[in-house]
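This report concerns only the one structure given below.
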Amino acid sequence: MTRRAKNMQIANADIRARATESGVHLWEIAYKLGITDHYFSRKLRKEFSEEEKTKVFEAIEQIKQERAE
């Protein structure tokens, strides 16, 4: 592993972790947000603003609630 690779952090790691912990796929979040999974995956490459993160976390919670019904 190069020095650069060791120092790189994954953008939006908190979103990825919450989705994984919740058992929610990224494509499901994209669908809930009204965007394509491809576009959502590309957006995840750069850190989201706090406002965008809030929307994503809300989408994750909505998906979890829908599954529980």
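Can you say whether ALA17 is part of a helix (DSSP H, G or I), without any contact (Cβ under 8 Å) to a residue 12 or more places away in the chain and of a type in the set (A, V, I, L, M), as far as the supplied structure shows?
For ALA17, the condition - part of a helix (DSSP H, G or I), without any contact (Cβ under 8 Å) to a residue 12 or more places away in the chain and of a type in the set (A, V, I, L, M) - is met.
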Every residue in region 6-32 that is surrounded by 13 or more Cβ atoms within 10 Å (Cβ to Cβ) and hydroxyl-bearing (Ser, Thr, Tyr), please. SER22, TYR31
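Are any residues in region 21-58 small (Gly, Ala, Ser) and either in contact with a Ser or Thr (Cβ under 6 Å, 6 or more places away or on another chain) or closer than 23 Å to GLN9 by Cβ (or both), and if so, which ones? If you could, list the steps in order and put the result at the bottom.
So the first thing to find is which residues in region 21-58 are small (Gly, Ala, Ser), and the list is 22-23, 30, 34, 41, 49.
Answer for region 21-58, where residues must be small (Gly, Ala, Ser) and either in contact with a Ser or Thr (Cβ under 6 Å, 6 or more places away or on another chain) or closer than 23 Å to GLN9 by Cβ (or both): SER22, ALA30, SER41, SER49.
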Can you pull out every residue in region 33-57 that is open to solvent by 70 Å² or more (accessible area, probe 1.4 Å), assigned to a helix (DSSP H, G or I) and touching a residue at least 12 places away in the same chain (Cβ under 8 Å)? LYS55
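The values are calculated or read from the model by the stated rules, or taken from the named source; none is laboratory data. If you're wondering where the values come from, they're calculated on a predicted model, not measured in any experiment. Every residue, glycine among them, receives a Cβ derived from its backbone with ideal geometry; neighbour counts consider all protein chains shown. SASA here: full protein model, heavy atoms, side chains in, ligands and nucleic acids out. Shrake-Rupley method; radii C 1.70, N 1.55, O 1.52, S 1.80 Å.
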